[in-house]
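Report on one structure; see the data block that follows.
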Amino acid sequence: MDFSGIMAAVGVGLLSLVSTSAMAQYPERPVTVIIPFAPGGGADITARTIFPFVAKHMPNGATFVMVNRAGGGGELGFTEIALSEPDGYTLGAINTPSVVMKPIEKQTRFTREDFTYVANLAFDPSGVAVRADSPIQSLEQLIEELKANPGSVVAGTAGVGSEDHLLLSRLMNLAGVEIRLAPFGSSGEALVALKGGHVGITVVNSAVSAAEAGNIRVLALASDRRWEHLPDVPTFRDLGIDLIGGSARGYGGPAGMPEDVTKMLADAFAAAVADPEFLAVAAEQKLPLRYMDAEAYRAFVEDQHGAIAKQWEVDPWIK
Amino acid sequence: MDILSALINAVPDILAWQVVLAMVAGLIGGIVLGAIPGLGAPMGIAMLIPLTYGMEPLVALGMLAGVHNGASFGGAIPAVLLRIPGTTSAIFTTLDGYPLAQKGKAGAAVWLAAVSSAVGGVLSALSLIILAPMLMLVTLAFGPSEIFWVTVFGLASVSILLGNRPGKGVIAAAVGLLISLVGQDRISGQERFTFGQIELLNGPLVVAVLTGIYALPPAWNMIEKALSAKFAQSKIEKPEKGLWTYRQLIPVWLKSSLIGIVVGVLPGSSGGSSSAIAYNETKRASKHPEEFGHGSVEGLAAAEAGNNADNAAAMIPALTLGVPGSGVAALMLGALLIHGLHPGPELFQNAPDVVYGYMLQMLVTSALILPFGGYFATKIFAKALMIPATMLGILIIAVTVLGIYTVNNSMFDVYLLLGSGVLGYFMEKLRYPPAPLVLGLVLGSVAEYNLRLAMIISNDDWTVLFSRPISLIILALIVVVIGLPVGLKLLAQRKRATAR
């Protein structure tokens, strides 16, 4: 081996030393967290609530900078997360069902396989609700009414391609009924339309169903278990309809992140969700916590993809 | 009365020194933000929300209330001094504020804008405090068909804006309507005219288009004319007395504030429309309509009272129903949620100290516009005029670009801004009025969408549009607003004919 060869070998050795020590130092600079939704929404608030606690449990004085990149129902932000450098310095909020719906309904520059999943924090099951003074008392009664008079009930949803819209489409197929869907701009507007008597039913998330207890009646929740804040409300499964749907709020980065970085982040998440201080904040905000580690979270996303892809084949929500 | 006692209980909370400091800092910061073209209340509040997370709710909300009211007024300062609306709602302030400044009355004009903003803001905050609990039922009655008619009313009010070039105004409004078609169709989910751009899925960013059309052409002009004498003339002196009297303006303030409050309360019809309607109504009712656009104190008072009056009012449906009456109100809802406060009647029961405290803060920060906006801000911004026009022009473009970039951290929006700036430049050269375009852009998609929603809900039964009392009232107003200019013109012709 000549001199330059030795130098090259030494250089490579040094470089690898440098790079391992750099990895051990992660994060050396602020980490960007892309939130594909507007400030103030559920995805935004959840991310801004958890990340200070993740930072607290990270070594090296990590800082996370939240960047909102709203647009196209999350598509813009998801694209950016998926296409970013997988070095651990760009992370993002990865919400289902939007992250699996978009690649199904159109040509996107990302699919669910373009992400590294770190941890899921919350699962917010959707519920079907009527106004408190509605004659419809139960889900069975709603379905009877719809079978007797198809299309007689109008549902206000958060918009075409929203979780609400999808949930009701799936309900129509599972129960064999027809509901007219009126896509409002947001679930808040749909709720007001319900309270004003302009529509007959709407889909609400857990925070709303708890806060609006006196004004609306939740007929059933699309969860695999009853919710502690509304113990009397049955799940669809209780009533024989296999319908699970809602928004899961988890975090990850682009596919191909270094394993030690992913592990460091996953450990910090696990520590953060067990932090009593965080749990107090989460309870105050009534965050529907559902911690899943990287494996469980990935499996959950696959599962959601399966259910939604099947729905698209039967009855696409965008025609 | 428990509302009264809740209010009194909230007073000591908002007088804590941290809260007072937050309100004042927010107000001054808001005025500066509002005065910088392209920035404004929505951006300031969006930037501050993450910072307020660790604060006490009333400190956070006090600061945000200050930014909200401060920014609404701050837009008037460059509107008067430079003919650049600092915020979109200050467009109508330029019409009379700038001519006043040209006549050497810039100081008095800014002071009048401050007084008018304070009056509008205070009345709006009072309406929030009094009406928030009561307005729930009225707002609930507004379904898609009613909102459709409200937006048609807004579009019909273009007829008043047209002035003596109706053809060009109608073309501008039609261009606005065309632009409003861009984006994903909210009923079918199909993409329209997006050319595969993800950034266009939600429609073009309205703030970027508005800022481009309104803020950039003056900056182009500044650079084009280099040190044009036109811009150097607006100097600030001590506000001179005698430009206006309280007796003359009190009716204008009251009417404009009322208009601002009503516009603020209605969801989906806010922003510049309150000052537009207030300005046009004042012009219609004025004894001296010919002065409007040439330095009318009534016009300036109407525009500023109207735009500050929709601030607190927009929070009425936001706090009670969770439906924001404006974009800023939507952000404020987010701020409330961060502090664990969910809107709705429960909010008034569970956290009365915060809700009533916040409502009082909207009142206090409105009143604080007088000392901090009138005197202090005017002094600071007088300095801005000593900057050479070329530099100021470049500075405006730079700050505007930066501001629009930060909305979504998107370069696409910057290109949209610059493109709109070019459009605005040619519109100005060819004497096309920008206001109808803006109304078409903002209201077009809302009108289309609510009409189609109403049709879905009624199963394509068109009579639903004409069968409800609120719809009929708005319909009558539309007939009046369209018929009025035509009727007045016919009347004038007949008079001339009989005189001959």
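Read-outs: derived from the displayed coordinates by stated rules, not from any lab. Treat the numbers as computed from the prediction; the structure is a model and nothing was measured. Note that we place each Cβ from the backbone using ideal geometry, even for glycine, and neighbour counts take in every protein chain shown.
Could you list A:H198, B:H339, A:H229 in order of exposure, starting from the residue whose Cβ has the fewest other Cβ atoms within 10 Å?
Arranged by neighbour count, lowest to highest, A:H198, B:H339, A:H229 become A:H229, B:H339, A:H198.
Hey, if you drop one equal point scatterer on each alpha-carbon of the stretch A:127-239 and run the Debye formula without solvent, what base-10 log of I(q)/I(0) do you get at q = 0.21, 0.23 Å⁻¹?
-1.21, -1.48
Set the Förster distance to 22 Å, then compute FRET efficiency between B:I394 and A:V65 from the Cβ-Cβ distance, nearest 0.05.
That gives a FRET efficiency of 0.15.
So for the protein assembly as shown, taking the charge dipole from beta-carbon charges (+1 Lys/Arg, -1 Asp/Glu), which of B:L7, A:G200, A:S126 sits furthest toward the positive end?
The one lying farthest along the dipole's positive direction is B:L7.
Once every Cα of the protein assembly as shown carries one equal point scatterer and solvent is ignored, give the base-10 log of I(q)/I(0) from the Debye formula at q = 0.07 Å⁻¹, two decimals.
-0.55
Let me confirm one metric for peptide A:66-78, namely the mean number of other chain beta-carbon atoms within 10 Å of its residues' beta-carbons.
4
Mind ranking A:183-195, B:282-294 by how tightly packed they are, going by the mean number of other C-beta atoms within 10 angstrom, highest first?
Sorting A:183-195, B:282-294 by mean packing, highest first, produces A:183-195, B:282-294.
Using the Karplus equation 6.51 cos²θ - 1.76 cosθ + 1.60 (θ = phi - 60°), what ³J(HN,Hα) coupling, rounded to whole Hz, does each residue of the stretch A:291-301 give in order, writing x for Gly and Pro?
Values per residue, Gly and Pro as x: 6, 10, 6, 3, 5, 5, 5, 4, 5, 4, 5 Hz.
For the stretch B:454-471, list residues with backbone N below 17 Å from a point placed 7 Å from the Cα of A:E178 toward its Cβ?
Taking a point 7 Å out along Cα→Cβ of A:E178, the residues of the stretch B:454-471 whose backbone N falls under 17 Å are B:456-461.
Evaluate the distance, in nm, between pseudo-label points positioned 7 Å from the Cα of B:M134 and of A:N149 along their respective Cα→Cβ axes.
Placing both labels 7 Å beyond Cα along the Cβ direction yields 3.7 nm.
Rounded, prolate or oblate: which one fits the stretch A:238-319, using the alpha carbon gyration tensor with axes a ≥ b ≥ c (rounded when a/c is under 1.5, else prolate when a/b beats b/c, else oblate)?
oblate
Which entries of A:K286/A:K319; B:K105/B:K495; B:K103/B:K429; B:K103/B:K283; A:K106/A:K263 show an alpha-carbon separation above 29 angstrom in the structure shown?
As for pairs spanning more than 29 Å Cα to Cα, those are A:K286/A:K319; B:K105/B:K495; A:K106/A:K263.
Just want the answer: with Cβ charges of +1 for Lys and Arg and -1 for Asp and Glu, which residue in A:P30, B:L95, A:V177 is farthest toward the dipole's positive end in the protein assembly as shown?
Farthest towards the positive end: B:L95.
Report the label-to-label distance for B:R165 and B:W462 in nanometres (one decimal), using points 7 Å from each Cα along the Cα→Cβ vector.
A separation of 3.6 nm, rounded to one decimal place.
More than 35 angstrom separation, counting every C-alpha pair in chain A; what % is that?
Here the tail beyond 35 Å accounts for 27 percent of pairs.
Check which residues have an amide H placed less than 5 Å from A:T96's amide H, if you skip close sequence neighbours.
Here the answer is A:A248, A:G250, since their amide H atoms fall under 5 Å of that of A:T96.
For the charge dipole of the stretch A:163-319, defined by +1 on Lys and Arg C-beta atoms and -1 on Asp and Glu C-beta atoms about the Cα centroid, which residue among A:L279, A:L167, A:S247 has the Cα displaced farthest towards the positive pole?
A:L167
About the Cα centre, and with charges only on the beta carbon of Lys, Arg (+1) and Asp, Glu (-1), how big is the dipole of the stretch A:127-239? Nearest 20 debye, please.
Dipole magnitude for the stretch A:127-239 comes out near 80 debye.
Kindly work out what percent of the DSSP beta bridges joining two residues of the stretch A:127-239 are antiparallel, to the nearest 5.
Among the beta bridges of the stretch A:127-239, antiparallel pairing accounts for roughly 60 percent.
Mind checking the mean number of beta-carbon atoms from other chains within 10 Å of the Cβ atoms in A:189-199?
6
Rounded to the nearest 0.05, what FRET efficiency do A:R237 and A:E284 give with R0 = 30 Å and r taken as the Cβ-Cβ distance? Could you check?
Between A:R237 and A:E284 the formula returns 0.50.
Quick check: net charge around B:A208, other residues with Cβ under 12 Å of its Cβ, Lys/Arg +1 and Asp/Glu -1?
Local net charge: -2.
Note the full-extension length gain between B:N9 and B:A476 as 0.36 nm times their separation in residues minus their Cα-Cα distance, in nm to one decimal.
Computed gain between B:N9 and B:A476 is 163.7 nm.
If we count other beta carbons within 10 Å of each Cβ, what is the order of A:L230, A:L139, fewest first?
A:L230, A:L139
Given the DSSP H assignment, sum -39500 (n - 2.57) over each helix run of at least 4 residues in chain A and divide by its residue total; what's the result at 222 nm in deg cm²/dmol, nearest 500?
So the calculated ellipticity at 222 nm is -13500 deg cm²/dmol.
Tell me, in nm to one decimal, what length is gained between A:Q141 and A:S84 on full extension, where the rule is 0.36 nm per residue of separation less the Cα-Cα distance?
Separation in residues times 0.36 nm, less the Cα-Cα distance, equals 15.6 nm.
Residue by residue through the stretch A:146-159, which ³J(HN,Hα) values in whole Hz follow from phi under the Karplus form 6.51 cos²θ - 1.76 cosθ + 1.60 (θ = phi - 60°), with glycine and proline marked x?
Per-residue couplings from phi come out as 5, 6, 5, 10, x, x, 7, 10, 9, 10, x, 10, 7, x Hz.
Using θ = phi - 60° and the Karplus curve 6.51 cos²θ - 1.76 cosθ + 1.60, what whole-Hz ³J(HN,Hα) does each residue of the stretch A:114-126 get, with Gly and Pro shown as x?
The phi angles translate into 8, 10, 9, 8, 9, 6, 9, 9, 9, 10, 10, x, 7 Hz.
Assign unit charges at the C-beta atoms only (+1 for Lys and Arg, -1 for Asp and Glu), then state the dipole size of chain A relative to its Cα centre in Debye, rounded to the nearest 20.
540
Report the label-to-label distance for B:Q190 and A:A271 in nanometres (one decimal), using points 7 Å from each Cα along the Cα→Cβ vector.
Taking the simple label geometry, B:Q190 and A:A271 are separated by 5.4 nm.
Report for the protein assembly as shown the percent antiparallel among DSSP-assigned beta bridges with both residues inside it, nearest 5.
65
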